[in-house]
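One structure is given below, encoded as structure tokens.
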Amino acid sequence: MSLYFPTLALDVVRRGSCSTEPLAILDNREQRHRVLLCNRSAEASGVRAGMSLPAALALEPALIIKSRRHQVEQTALTSLATWAHAYTPKLSIAGSDELLLEVAGSLRLFGGLRPLTQKIIDEIEHMGYGVGYAAAPTPQAASLLSRAPGESLVTQRDALLTTLSGLTLATLELDRKTATTLTALGLESLGDLLGLPRPELKSRIAPGLLNLLDRALGRRPDPRTLFKPPVRFRACLELPAPTANSQALLFGAHRLLKDMDAGLRVRNEGVAQLLMLMHHPRGRATQIRLGLVQPSRNAEHWQRVLRVRLEQLTLDQEVVALTLRGGAQSPLAEQADDLFGDTPEQLGTERVHLLERLQARLGDEAVKGIALVRDHRPERAWQMAIPGVSSETVSTGRRPLWLLREPRGLQHPKSQWRLQGPERIETGWWDGVDVSRDYFCAQTETGERFWIFRDRRSRTWFLHGVFA
Amino acid sequence: MQKAIEHLLQNPAIRQANFAPLGIRPGRSTGFAALDEVLPGAGWPIGSLTEILVDRQGIGELSLLMPALAAASEEQRWIAWVSPPHIPYGPALAAKGVDLARILLIHARPGPDTLWAVEQALASGTCSSVLSWLDDELDNRMLRRLQLAAESGQSTGFLFRPSDHVNLPSPAALRLGIETTSHGLVVKVLKCRGRSGATMMLDVDHDLVEPVFSHLGAGRGQTRQLQH
């Protein structure tokens, strides 16, 4: 199967924003700037591919102009290839705008060629890419057919010759000289070309062309280099217009997070760290490091964590592009994708998500649980712990619900106070923090009850807790 | 039409929210019969804010919540404490039957961070109860936001506030004033849906409930209660 991305140069920019302002991508290979691709709203103003820049601007003064960035396109194609791994482990990147998938082995799993194709195309369009596609018994034939209008899903080798014969010569994307030669000979379709005597075609017209046609028809082997997904996720996105607006940045980031989600889904892996780089027109990129308690690939979840951080951030420069880098990947526990399930495990994940959101804004130390410790000293009978840990029950005497962070010095208790006690606590000689105290429950004349103690060595009184 | 709806509701794919009659949903039992009796949902309202107006510490203001928090420990949800004034003491909580594995301590700087944390916890749906000690930072607009958060997260939000807020309007479903006498904790229902004005004395430390004290400034409230 071939997936051909004719508008990749435009899509990598367009998918970064939800706005539909007129946008054009310039071809920067040639000296003179010409429009390579443009979006619908630019087309509506009359802008067309191949038009010179001044002409395009004359038609649409508000046109946003971007130079083509091959690096960004390659990264996008790599992340598409990583995503496509979900459908087949045998795939390759062809040229700068095409993926070739060997899907024969995946047909049964996805219920046949048509459902599989539908699913693949839907997902690609959802990711914001325009795609041409075709399926054929040979990769070269699929590649040619994907460039032709209409849908071709050819499964029989016998049908290949007929189907290919109907293609126009334009699908071959020939250089201008060869194309002119062929047209001069009165050739219009691949069928005309295939009707020529082989030696003639090989020696006189285009030597490479025969090879290509042979591969398309399966007369010649066509080995391809298999794509290996990168070990760590990395993707970037250029924004159509510079912005410091957190909503616009979140929209772009969400695209990248979805790409990551799709890529990690294949191996059911997640990451616990992400680095988001926000590139400015000049100077160093602003970095946001995100961390989770548990690895996740869920784009919505990462988005929530990112939102919290973005809202705190004040950007003093506008952002022109985003890069997302994933940390080490680790396998995720098996879990259903059901968002609405309220099984305990599902709620468990949600509970962790709350912790992560809180930690993202307040810091790791700000969110804690409580655990009991077997120690007679009241201040050491508990400790901060990871939220959710269970404690062994330790029975003690009567204890107050509030413990003061530090015992507070106290005048001698008033005579009106009613004291109950003492409970003597004398321990800790082994670690040097020994205590020797007599604790009392004291009720004041106005009804408050406190937990106080007398230090037996200094004979001074302290307030240590409140019976709240 | 009615028949069609009934037929539709029998479809197992359709889940019905439980609406208690008269639009009052059952609350979370306070564990004190006398208090449950006067509260509209027979307990702390779920999906709503409860304001506890109290000026002094050490009168049993937390003990009042302990039976409900112990019961809430059965849920697979957090019991969140946002910026408490002191350390919630583990051994005492455990002795009251609260499962420490449910406790979530959140320390945020006073001001926007604390408000944000309370809102997040209430709205997340993963906290059965949220305890907070907000004071000056709470205006009516913010209270409404918290009330909405509690609704969306089906959480019971307890706000401890000084009693001088008593005359300010509040969207909280329930407002209690608590005071102490030498006999025990006096709980006054200042506002709740349906009725208000009841006053009672609770011995929160021994889970012993005493009947409503009519002489404790409850005269007017009692009358109002009868009118309903």
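Laid out as a table, the results:
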read-out: Every residue from segment B:78-90 that is crowded, with 24+ Cβ neighbours inside 10 Å, more than 13 Å from B:Met66 (Cα to Cα) and over 18 Å from the mean Cα position of the chain (by Cα); value: none
read-out: Any chance A:Thr82 is among the polar types (S, T, N, Q), crowded, with 20+ Cβ neighbours inside 10 Å and modelled with pLDDT of 90 or more; value: no
read-out: Count of residues meeting criterion [touching a Leu at 6+ places or on another chain (Cβ under 7 Å) and more than 16 Å from A:Asp27 (Cβ to Cβ)] in segment A:39-63; value: 2
read-out: Pick from segment A:367-402, criterion more than 7 Å from chain B (Cβ to nearest Cβ) and basic (Lys, Arg), ranking: farthest from A:Asp455 (Cα to Cα); value: A:Arg374
read-out: Per-region count, segment A:40-74, residues part of a strand (DSSP E or B) and loosely packed, with under 15 Cβ neighbours inside 10 Å; value: 2
read-out: Exclusive hit being within 17 Å of the chain's Cα centre (by Cα) and either under 15 Å from A:Val367 (Cβ atoms) or hydrophobic (A, V, I, L, M, F, W, C) (or both), set B:Leu100, B:Leu105, B:Leu69, B:Leu168; value: B:Leu69
read-out: Scope segment A:213-224; condition assigned to a helix (DSSP H, G or I) and surrounded by fewer than 17 Cβ atoms within 10 Å (Cβ to Cβ); matching residues; value: A:Asp214
read-out: Matching residues in segment B:132-146 - criterion: being modelled with pLDDT of 95 or more and farther than 16 Å from B:Ala80 by Cβ; value: none
read-out: Single condition B:Glu179 does not satisfy, out of (1) away from chain A (no Cβ under 14 Å); (2) surrounded by 15 or more Cβ atoms within 10 Å (Cβ to Cβ); (3) modelled with pLDDT of 85 or more; value: (1)
read-out: Filter result for the condition that a residue is assigned to a helix (DSSP H, G or I) and surrounded by 14 or more Cβ atoms within 10 Å (Cβ to Cβ), over A:Thr162, A:Thr178; value: A:Thr178
read-out: Flag for A:Leu410 being buried (at least 16 other Cβ atoms within 10 Å of the Cβ), within 11 Å of chain B (Cβ to nearest Cβ) and not aromatic (Phe, Trp, Tyr); value: no
read-out: Among the residues listed as B:Ser73, B:Ser83, the single one being more than 9 Å from chain A (Cβ to nearest Cβ) and under 19 Å from A:Val394 (Cβ atoms); value: B:Ser73
read-out: Hey, A:Arg405 in a strand (DSSP E or B), facing chain B (nearest Cβ under 8 Å), surrounded by fewer than 16 Cβ atoms within 10 Å (Cβ to Cβ) and not hydrophobic (A, V, I, L, M, F, W, C) or not; value: yes
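Here is a yes/no grid of residues against (1) in a strand (DSSP E or B); (2) touching a residue at least 24 places away in the same chain (Cβ under 8 Å); (3) not assigned by TED's automatic domain parsing to the domain that holds A:Leu355:
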position: A:Gln383; (1), (2), (3): yes, no, yes
position: A:Glu392; (1), (2), (3): no, no, yes
position: A:Gly397; (1), (2), (3): no, yes, yes
position: A:Glu426; (1), (2), (3): yes, yes, yes
position: A:Thr446; (1), (2), (3): no, no, yes
position: A:Ile452; (1), (2), (3): yes, yes, yes
position: A:Ser458; (1), (2), (3): no, no, yes
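The values are calculated or read from the model by the stated rules, or taken from the named source; none is laboratory data. Predicted model only: the values in this text are computed from it and were never measured. Please note: Cβ atoms are built from the backbone with ideal geometry, for glycine as well, and neighbour counts cover all protein chains shown.
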